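Q: Quick one: the structure is below, questions incoming.
Just so it is clear, none of the values below were taken in a lab; they were calculated from the coordinates. What you see is a predicted model, and the numbers here were worked out from it, not measured in a lab. So basically every Cβ, Gly included, is an ideal-geometry build from the backbone, and we count neighbours across all protein chains shown.
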Amino acid sequence: MKFDYYVFNSYVPEIDGSGPELYAKWIEQVELADELGFHCAWFTEHHFGLLGGMLPNPQVLSAALASRTKRIRFGSAVSLLVIHNPLRVAEDMAMLDVLTGGRVEVGAGRGMNQTNYAAFGADPDTAQERFEEALEVLVRGWTEEQFTFQGRFFSWTKPVTVRPRPVQRPHPPVWLPVSHDPEHGRDMGRHGFNLLTIPWHAGFERSRHIIDGYRTGLRDAGHDAADKEVLGMYYTHVAETPELARRRAVGPWANHARISAEDRGSPDRAPRDYDTVVENIGAIFGDPEMCRRHVARIQSELGLDRLACVFHFGGMPQEHVLDSMRLFATDVAPAFQD
């Protein structure tokens with residue numbers, strides 16, 4: 001199993017600090033993740049709110065980190081194709097692939113936030129159709145030297161060439177997200193790309209159905225499943241003892257749960273208090289032994305290829321974030337790697 005670093009921040013301004021202070025923390029975290037051997041740093045594109053809204057452009061942060069890191073890859077999770085012109089996204093990602101020496105992974109999705117749709121002039125009723133069209137434009141822009149396009153939402157008759165050309169061939173790895181609907185997993189599998197999931201929220205049973213549906217979709221469309229990967233994202237905090245982990249994470253986790261509910265405009269129907277998520281492995285919290293047990297069950301139940309950890313959430317102090325990262329890398333991850 002590969003372990004990734006994931007930035008999806010529930011922002012607490014009075015604790016996390018101003019924009020410059022927050023970005024300095026993220027840069028320090030990713031630099032450490034690079035040193036510790038995390039495979040990829042994922043950045044979620046969100047807009048406006050406290051849940052992820054301080055990171056509206058993953059490409060900008062990735063570019064800032066390109067020269068500060070040596071081996072860690074950079075992923076968008078996800079770029080919201082429905083509110084962007086896909087040709088511009090293709091250009092941005094190709095340029096980033098060049099700047100990072102071929103270390104880019106591209107998650108692409110339609111997003112679910114109605115505020116984003118309204119603010120950027122997108123129509124939720126046509127979002128899926130627009131996404132499918134934009135995804136085709138994105139991939140063709142990387143793989144065809146010149147191409148025209150005739151669609152409902154995007155159209156041009158004079159051939160265009162996306163420049164620069166990406167370093168990775170035929171194109172950077174593409175990832176598609178599925179959060180809750182197993183049938184959607186089957187649909188995404190037919191595209192032949194990798195899969196992003198959020199098992200901490202969907203739960204084991206639903207996540208199994210999503211992943212099974214995705215793999216069925218791959219096979220139905222004639223894709224080779226052997227070279228496709230499934231990633232699951234989990235909030236994570238590791239400390240020397242279970243008591244210390246609880247003491248450090250219970251407050252930030254409560255902040256995260258509150259901010260997440262406010263972002264959705266409704267309370268979470270499932271219990272999300274610290275003890276419940278630990279008991280049900282809705283998060284990877286505890287001492288190294290507990291966290292190894294959590295990861296072992298996740299691996300056994302879901303068969304993930306990659307597990308992405310969110311260490312910074314709800315105003316978690318930076319020193320606790322960094323301590324947790326180090327402990328995970330030295331006392332948890334090695335048990336699941338060659």
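Q: Please work out the FRET efficiency for the pair Asp305 and Gln146, using the Cβ-Cβ distance as r and a Förster radius of 22 Å; give the result to the nearest 0.05. Could the numbers behind the result be given before it?
A: Values: r = 35 Å, r/R0 = 1.60.
Working from the Cβ atoms, E equals 0.05.
Q: For helix 204-220, what angle does its Cα long axis make with the longest principal axis of the chain, in degrees from 0 to 90 and rounded to 10?
A: With both axes taken from Cα atoms, the answer is about 30 degrees.
Q: Shifting gears a bit: Applying 1/(1 + (r/R0)^6) with R0 = 35 Å to the Cβ-Cβ distance of Glu262 and Arg293, what FRET efficiency is obtained, to the nearest 0.05? Intermediate results must be reported in sequence, preceding the final value.
A: Numbers: r = 32 Å, r/R0 = 0.92.
Efficiency computed from Cβ-Cβ geometry: 0.60.
Q: Can you give me the orientation-averaged projected area of the convex hull built on the Cα atoms of the stretch 175-288, in nm²? Could you put the intermediate results ahead of the total?
A: Numbers: hull surface 31.6 nm².
Taking the Cα atoms of the stretch 175-288, their convex hull projects to 7.9 nm² on average.
Q: Can you give me the distance in nm between label points at Arg190 and Leu244, each placed 7 Å from the Cα along the Cα-to-Cβ direction?
A: 5.2
Q: Could you put His312, His180 in order, starting from the residue whose Cβ has the fewest other Cβ atoms within 10 Å? Intermediate results must be reported in sequence, preceding the final value.
A: On the way: His312 30, His180 16.
Fewest-to-most ranking of His312, His180: His180, His312.
Q: Would you work out which of Thr143, His184, His84 lies farthest towards the positive end of the dipole of the stretch 76-206, given +1 charges on the beta-carbon of Lys and Arg and -1 on that of Asp and Glu, about the Cα centre?
A: The listed residue farthest towards the positive side: Thr143.
Q: For the Cα atoms of the chain, what angle does the longest principal axis make with the long axis of helix 127-143, in degrees from 0 to 90, nearest 10?
A: Once rounded, one gets 70 degrees.
Q: Follow-up question, since we're still on this one. Could you give the nm distance between label points at Glu31 and Asp125, where each point is 7 Å from its Cα heading toward the beta carbon?
A: 5.1
Q: Principal axis lengths of the stretch 2-336 from Cα atoms, whole Å, largest first?
A: 64, 42, 39
Q: Can you put Asp16, Asp323 in order of Cβ neighbours within 10 angstrom, beginning with the fewest?
A: Values: Asp16 22, Asp323 18.
With the fewest neighbours first, Asp16, Asp323 line up as Asp323, Asp16.
Q: Quick check on the stretch 217-338: what are the equivalent-ellipsoid semi-axes from the Cα gyration tensor, as sqrt(5λ), descending, whole Å? Kindly include the intermediate steps, with their values, before the conclusion.
A: Working: eigenvalues 142, 82, 31 Å².
One finds semi-axes of 27, 20, 12 Å for the stretch 217-338.
Q: Got a sec? Charge dipole of the chain, +1 on Cβ for Lys and Arg, -1 for Asp and Glu; which of Leu196, Met325, Ala249 is way out at the positive end?
A: Checked the options; the winner is Leu196.
Q: If you don't mind, there's one more thing I want to ask. Compute the acute angle (0 to 90°) between the alpha-carbon long axis of helix 242-264 and the principal axis of greatest extent of the alpha-carbon atoms of the chain; round to the nearest 10°.
A: Helix 242-264 sits at roughly 40 degrees to that axis.
Q: Sticking with this one: Obtain the nm distance between the two label points defined at Asp338 and Phe48 by a simple spin-label model: each point lies 7 Å from its Cα along the Cα-to-C-beta direction.
A: Between Asp338 and Phe48, the label points sit 4.7 nm apart.
Q: While we're looking at this one, here's another question. Could you give the size of the charge dipole of the chain about its Cα centre, using +1 on the Cβ of each K and R and -1 on the Cβ of each D and E, expressed in debye and rounded to the nearest 20?
A: Working: 35 positive and 46 negative charges, 110 e Å.
Rounded to the nearest 20 debye, it is 520 debye.
Q: Related question: What's the tally of Lys pairs in the chain whose alpha-carbon atoms lie under 25 angstrom apart, where the two lysines are 8 or more places apart or on different chains? List each step's numbers first, then the result.
A: Details: Lys2/Lys25; Lys2/Lys70; Lys2/Lys228; Lys25/Lys70; Lys70/Lys228.
Here the count comes out as 5.
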